[in-house]
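Take a look at the structure below.
The values are calculated or read from the model by the stated rules, or taken from the named source; none is laboratory data. All values reported here derive from a predicted model rather than from experimental measurement. Here the Cβ is made from the backbone with ideal geometry for all residues, glycine too, and neighbour counts use every protein chain on show.
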Amino acid sequence: MLVAVVTAVAVWGAAQPRMSWDVSEDRRNSFSDADERALSAIRAPLRVTVNLAPEDPRLSDLERGALRKLRRTLAHVDVQYAARGNTGLFARPGEHYGEMWYSIGGRQAMTRSTTEPIVLETVYGVAGITPPTNDAAPTYSGYPLVARPLGAAAIFYLLWPCVILATWLLTRRPPRKPSLVMKPQ
């Protein structure tokens, strides 16, 4: 009975759409808290039509940046890839190549940018939501480390060489002595 309950809970949990938490230190996989609160007001599905070839670097920028975060934040995001051809010297990509169309309900807007701020601005415009103001949440200071590494010079210039020398002295083999045992003839 217990196994059946645990299995049912596991299957139910696996079937839940887009259950994820961004626990990274700098929230690189999510929008800001203010943007997430504003985007949570969107109940209608968002349809994105992308007119970029698969090998276009702008498509990977869009996928890794704004679309991934939109999929984590919104319940329904439908992405359609309209460009079927290749890009290159002899390819004819079409007149709408490079356009990204965003539509919610009956409204739609087009942009050629793949950057997150412009994509968010376009989604807010299509949804009819006023963009949130920049909240006073503490921002991630990022790298390099702003604290002074106390004792680092002593570790790298004194302790570490002593550890290496001691390890070498303890692991080196003594020289082989010649055997004085005489072999019988």
Next on the checklist: Pro149 - would you say it is out of contact with any strand residue (DSSP E or B) (no Cβ under 8 Å at 6 or more places or on another chain), surrounded by fewer than 10 Cβ atoms within 10 Å (Cβ to Cβ), modelled with pLDDT under 90 and not aromatic (Phe, Trp, Tyr)?
Outcome noted: yes
Checklist entry - Looking at this structure, is Trp160 at pLDDT 90 or above, over 34 Å from the mean Cα position of the chain (by Cα) and not in a loop (DSSP other than H, G, I, E, B)? => result yes
Checklist entry - Do we find that Leu120 is part of a helix (DSSP H, G or I) and either modelled with pLDDT under 85 or at negative phi (or both) in this structure? => result yes
Checklist entry - From the set of residues in the range 114-127 that are touching a residue at least 24 places away in the same chain (Cβ under 8 Å) and not aromatic (Phe, Trp, Tyr), which is surrounded by the most Cβ atoms within 10 Å (Cβ to Cβ)? => result Val123
Checklist entry - Taking only pairs six or more apart or across chains, which ones have beta-carbon atoms under 6 Å, a first residue in the range 42-58 that is among the β-branched types (Val, Ile, Thr), and a second residue that is part of a loop (DSSP other than H, G, I, E, B) and surrounded by fewer than 18 Cβ atoms within 10 Å (Cβ to Cβ)? => result Thr49/Ala82
Checklist entry - Which residues, counting only those in the range 35-64, are surrounded by fewer than 20 Cβ atoms within 10 Å (Cβ to Cβ), of a type outside the set (A, V, I, L, M) and not in a helix (DSSP H, G or I)? => result Ser40, Arg43, Pro45, Arg47, Thr49, Pro54, Glu55, Asp56
Item to check | the range 12-62: number of residues that are hydroxyl-bearing (Ser, Thr, Tyr) and modelled with pLDDT of 85 or more | outcome: 3
